[in-house]
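Here the structure comes first, spelled out in C-alpha cells, and everything after it is commentary.
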Amino acid sequence: MTEKKIIKKSSGSKKYRANLDKIKTAAGDSQVFELEKAVELLMDLEQPNFKEGVSVEVHFKLDINTTKSNQLVRSSVSLPHGTGKEIKIAAFVSPENVEKAQKAGASLVGGGDLIDEIKKTGKINFDIAIAEPVMMRKLGPVARILGTSGVMPSPKTQTVGTNIEEMIKTIKAGKVDYKNDKTGNLHIIAGKISKKFTKEQLIENIQAVLESVKKAKPEAIKKKYIVSTYVTSVMSPSIRIA
C-alpha cells in the first residue's frame, strides 16, 4: 500500500499565497518592477506582526563560479538609514584597548579570554566581529567557528584595523557585510518594514546595496554579472526589480 502524506495548510501558507496573488495581479504582463513600485508593493503586503518589524532583504542571482577564488564576491555596504536592528559586536582587542571598545559600543570585548570562551562553547552569540591586526594570528583556534558563522574578521570587509572605535561606530551606523553563498547568490539585509522606515528610506538603502554589489564585481568576470535581483521581506514572496 502506498503511504499517503497529509499536509496541513497553515494560515501562514494562506497568507503567503494571498501575497503572491497580489504581486501577480500588480505585475500584469510584466515580470519586473521598478524599484519604487516594488517597495510600495512590498510594504503593502500582509506581514507577520513582529514587535521590531519585518526585515527587508535584497537577493541577487550572480553568474559567478564559486569554485574559483577570483570570482568570489565579498564586500560591505553602509546603509544610509541603518538596518533597523541592534547589532551585537564582538571586538578582539589587546588589553589596552578593551575600555575603548566597550565605550564605543561593542557587546563582547576581549582577547585570549574571549577566544577561549568561543573555543570551549563553540557558540557565536554576536552578529559581527572586529579585530586588531595583532589579534588576527591568535584567532586560529576559532577560525573555523567564526568562518562557518560568517563573522570572521577580514580586511576586505573593513573589520580588521587599529582604529577600533571608528570600526564599531561605522558598523552600528548601518554597515552590512556580505558574501556570496555556495550557489553564487547574495542575500543582503536592507532595513525593515516598520515605523522606523519610510518608503523613501528603504529605497535609499536598497539603492546603496545595488550600487555596492555592482562595484563588487570581480575583475575576472567579463560577462553579465548580475542575472536577477529581488526584494523581499523575511516571510513574503520575492519581487523582481529592474
* Restricting the first residue to segment 57-73 and requiring it to be within 27 Å of Ile239 (Cβ to Cβ) and touching a residue at least 24 places away in the same chain (Cβ under 8 Å), which pairs with a second residue that is surrounded by 19 or more Cβ atoms within 10 Å (Cβ to Cβ) and of a type in the set (Gly, Ala, Ser) meet a Cβ separation below 7 Å and a spacing of at least six or different chains? -> Glu57/Ala190; Val58/Ala190; Val73/Ala216
* Single condition Gly110 does not satisfy, out of (1) assigned by TED's automatic domain parsing to the domain that holds Ile188; (2) buried (at least 18 other Cβ atoms within 10 Å of the Cβ); (3) farther than 21 Å from Phe197 by Cα -> (1)
* Asked: Quick one: in segment 139-153, which of the residues that are surrounded by fewer than 16 Cβ atoms within 10 Å (Cβ to Cβ) and either touching an Asp or Glu at 6+ places or on another chain (Cβ under 9 Å) or touching a residue at least 40 places away in the same chain (Cβ under 8 Å) (or both) is nearest to Thr170 (Cα to Cα)?
  -> Gly150
* Flag if Ala173 is closer than 26 Å to Glu132 by Cα and not polar (S, T, N, Q) -> yes
* Name every residue in segment 153-172 that is out of contact with any strand residue (DSSP E or B) (no Cβ under 7 Å at 6 or more places or on another chain) and assigned to a loop (DSSP other than H, G, I, E, B), in order of residue number. => Gly161, Thr162, Asn163
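Inspect segment 193-214 for any residue being among the basic types (Lys, Arg), farther than 28 Å from Leu72 by Cβ and at pLDDT 95 or above and give the result as yes or no. Full working, then the answer.
From segment 193-214, those among the basic types (Lys, Arg) are 195-196, 199, 214; that's our starting set.
Now drop any that are not farther than 28 Å from Leu72 by Cβ, which leaves 195-196, 199.
This time we only want the ones that are at pLDDT 95 or above, so: 199.
Yes - at least one qualifying residue is present in segment 193-214.
With the structure loaded, tell me whether Asn163 is farther than 25 Å from Asn205 by Cα, surrounded by fewer than 20 Cβ atoms within 10 Å (Cβ to Cβ), under 17 Å from the mean Cα position of the chain (by Cα) and modelled with pLDDT under 95 or whether it fails that test. Break it down into steps so the answer makes sense when it comes.
Numbers: farther than 25 Å from Asn205 by Cα: yes; surrounded by fewer than 20 Cβ atoms within 10 Å (Cβ to Cβ): yes; under 17 Å from the mean Cα position of the chain (by Cα): no; modelled with pLDDT under 95: yes.
No.
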* State whether one or more residues within segment 219-227 are closer than 23 Å to Ile128 by Cβ and buried (at least 16 other Cβ atoms within 10 Å of the Cβ). => no
* What are the residues in segment 215-239 that are among the charged types (D, E, K, R) and either within 25 Å of Ile193 (Cβ to Cβ) or in a loop (DSSP other than H, G, I, E, B) (or both), if any? -> Lys217, Glu219, Lys222, Lys223, Lys224
* Structure fact -> Log entry, pairs with first residue in segment 24-35 being surrounded by 11 or more Cβ atoms within 10 Å (Cβ to Cβ), second being in a loop (DSSP other than H, G, I, E, B) and at pLDDT 80 or above, beta carbons closer than 6 Å, six or more apart or on different chains, reads Val32/Ala242; Glu34/Ala242
* To do: Report, by residue number, each residue of segment 86-101 that is surrounded by 12 or more Cβ atoms within 10 Å (Cβ to Cβ), outside any loop (DSSP other than H, G, I, E, B) and more than 24 Å from the chain's Cα centre (by Cα).
  => Asn97, Val98, Lys100
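The values are calculated or read from the model by the stated rules, or taken from the named source; none is laboratory data. Worth saying up front: this structure is predicted, and the values here are computed from it rather than measured. Glycine also receives a Cβ, built like all others from the backbone with ideal geometry; neighbour counts cover every protein chain displayed.
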